1. Any idea which of (1) in a helix (DSSP H, G or I); (2) within 40 Å of the chain's Cα centre (by Cα); (3) under 20 Å from Ala171 (Cα atoms) is the one Val226 doesn't satisfy?
2. Residues of the range 9-26 being farther than 11 Å from Phe58 by Cβ, at pLDDT 80 or above and either outside any helix (DSSP H, G or I) or not hydroxyl-bearing (Ser, Thr, Tyr) (or both), which ones?
3. Looking at Leu219, is it part of a loop (DSSP other than H, G, I, E, B), without any contact (Cβ under 8 Å) to a residue 40 or more places away in the chain and either more than 18 Å from Gly241 (Cα to Cα) or not hydrophobic (A, V, I, L, M, F, W, C) (or both)?
4. I'd like the residue in the range 190-216 that is of a type in the set (Val, Ile, Thr) and touching a residue at least 24 places away in the same chain (Cβ under 8 Å) and, out of all such residues, is nearest to Lys157 (Cα to Cα).
5. Looking only at the range 214-228, count every residue that is acidic (Asp, Glu) and either within 16 Å of Lys191 (Cα to Cα) or at pLDDT 95 or above (or both) and tell me the total.
6. Look at Gly197 and say whether it is under 16 Å from Gln233 (Cβ atoms) and in the same structural domain as Gln233 (by TED's automatic domain parsing).
7. Within the range 63-77, can one find any residue that is modelled with pLDDT of 80 or more and part of a helix (DSSP H, G or I)?
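The values are calculated or read from the model by the stated rules, or taken from the named source; none is laboratory data. The structure presented is a predicted model; accordingly, all values stated were derived computationally and were not measured. We place every Cβ from the backbone using ideal geometry, glycine too, and count neighbours over all the protein chains shown.
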Amino acid sequence: MASTSTNNSCKTWCWVIGAILGLVAFFWARSAMHGFFWPLVVGIIVAGVLAWLLVRFFCTAEAASTVGGSGSGGAVKPASASGATSTSTTKAAAATPAPIASSGAAAPAPIAPETPAAPAAKPKAAAKPKAAAKPKAAAKPKAAAKPAAAKSAPAAKAVAADGKPETLTKARAGGADDLKMLKGVGPGIEKTLNELGFYHFDQVAGWRKQEIEWVDSRLKFKGRIVRDDWVKQAKTLAKGG
């Protein structure tokens, strides 16, 4: 109860201070603005925001410290272990059977009644011999599978002595490929490649190291083939990628 009343008193003071500051803001805005409405709005907003901030930072911290101090006042005493000990002792005593009073002479053991002997089981009839299983016909040997004719892959032609790759005098039927789709190939380089005899992506995709050097030596911008990886691009484009 004490912490609640203290917290309410703190909130009241915070709102009073906020109202005073809001009134100050109202008169300041009145001197800076013409009219009554907008200065009033400024004063209300300032009063509400400042009062909320004061409650937030002062009253919350005060309530938390009050609750923390009252919460650590009394310590709970541990339950006595004697109750648990007496309970376990009582259960053990109840589980132990009461001793039988001895009368000096042992009681005779009861005689079990005799059970009649079970009748002898009848002998089983002799099992009939099973008929001999007929031998299965020998399986016919399967015909040996014919070896599949190994398709010999066409051997790649050796690189020419001067490193020049295979060229074409003109594009194949259907027209030349758009070599400008290769990164780094513009209209000027495409024209040079066509003049050298290269019109299709599969031609560029088949270039080997010496052939790349041969083509690169005939271009204005050296190293463009390797740097932009025309061969890899051309392989993808030749497959429709």
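1. So Val226 meets the others, but not (3).
2. Trp15, Val16, Ala19, Ile20, Leu21, Leu23, Val24, Ala25
3. Yes, satisfied.
4. Only one residue tops the list, namely Val204.
5. 1
6. no
7. Checked against the condition, which is being modelled with pLDDT of 80 or more and part of a helix (DSSP H, G or I), the range 63-77 yields no hits at all.
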